[in-house]
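Notes follow once the structure below has been shown.
What follows is calculated from the coordinates using simple rules that are stated; it is not laboratory data. No experiment lies behind these values; they were computed from the predicted model shown. Here the Cβ is made from the backbone with ideal geometry for all residues, glycine too, and neighbour counts use every protein chain on show.
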Amino acid sequence: MLPLLKTSLRSALALAGAVLVLVLVSSMAAWLPPLLGLHGPPSAQLGGDLAFTVLAGAAAIAFATRYAPCWQRLHGTALWLLVALGCGWAAWTMGDDFPRWFVPGLLASLPLQLAVGLWLGTRHVRGATQV
């Protein structure tokens, strides 16, 4: 009973940590460009926001995959489904608030986020000593 509880807790912590990574990386899009003094047209800023959204999704999927106690790819895919549902909801409710290229770019980035996140999360760096 105790190992099952420990595995469940570690699984929940891996997913919660991944959501935290998603929020932290995506919020970097708001404070990093002004900090670096990058001021451009609104479409360039929106492109940067899209890039940070893709980066945040891939980083969160990689975190969930890497720190899951078992079934790593399933954890990464579950988090990707959460991200995909959020992107689908955003695309549905955006309407004409954003340029026409933004919504297809957001939806087209979903397979890229999954592939990069799973690849980064399943990479195991081998040290000098192996047990």
Exercise. Once you have the Kirkwood Rh of the chain from its Cα pairs, apply Stokes-Einstein at 10 °C and 1.306 mPa s and quote D in µm²/s.
Key: 99 µm²/s
Quiz item: To the nearest 10 degrees, how steeply does helix 102-122 sit against the main Cα axis of the chain, on a 0 to 90 scale?
Solution: 20 degrees
Exercise. Would you work out the relative contact order for segment 45-119, in percent, from Cα pairs under 8 angstrom that are 6 or more residues apart?
Key: 49 percent
Quiz item: T93 versus W119, label points 7 Å from Cα toward the beta carbon: distance in nm?
Solution: 3.2 nm
Quiz item: Against the longest alpha carbon principal axis of the chain, how many degrees, from 0 to 90 and to the nearest 10, is the axis of helix 72-94 turned?
Solution: 20 degrees
Exercise. Could you pull out the longest piece of the chain with no exposed loop trypsin sites (Lys or Arg not before Pro) in it, calling a site exposed if DSSP puts it outside H, G, I, E, B and it has at most 13 other Cβ atoms within 10 Å?
Key: 1-99
Exercise. Find, among the chymotrypsin sites (Phe, Trp or Tyr not before Pro) in segment 22-131, those assigned to loop by DSSP (not H, G, I, E, B) with at most 13 other beta-carbon atoms within 10 angstrom.
Key: W71, W101
Quiz item: Relative contact order for the chain using alpha-carbon pairs under 8 Å, separation at least 6, rounded to a whole percent?
Solution: 30 percent
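Could you work out the helix-only [θ] at 222 nm for the chain, with each DSSP H run of four or more residues adding -39,500 (n - 2.57) and the total divided by the number of residues, to the nearest 500 deg cm²/dmol?
Result for the chain, helices only: -28500 deg cm²/dmol.
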Practice problem: Within 10 Å of each residue's Cβ, count the other Cβ atoms and sort H39, H75 from fewest upward. | Solution: H39, H75
Practice problem: Please arrange D97, D49 by counting, for each residue, the other beta carbons lying within 10 Å of its beta carbon, fewest first. | Solution: D97, D49
Practice problem: Describe numerically, in nm with one decimal, the distance between label points set 7 Å from Cα along Cα→Cβ at A30 and at L85. | Solution: 2.3 nm
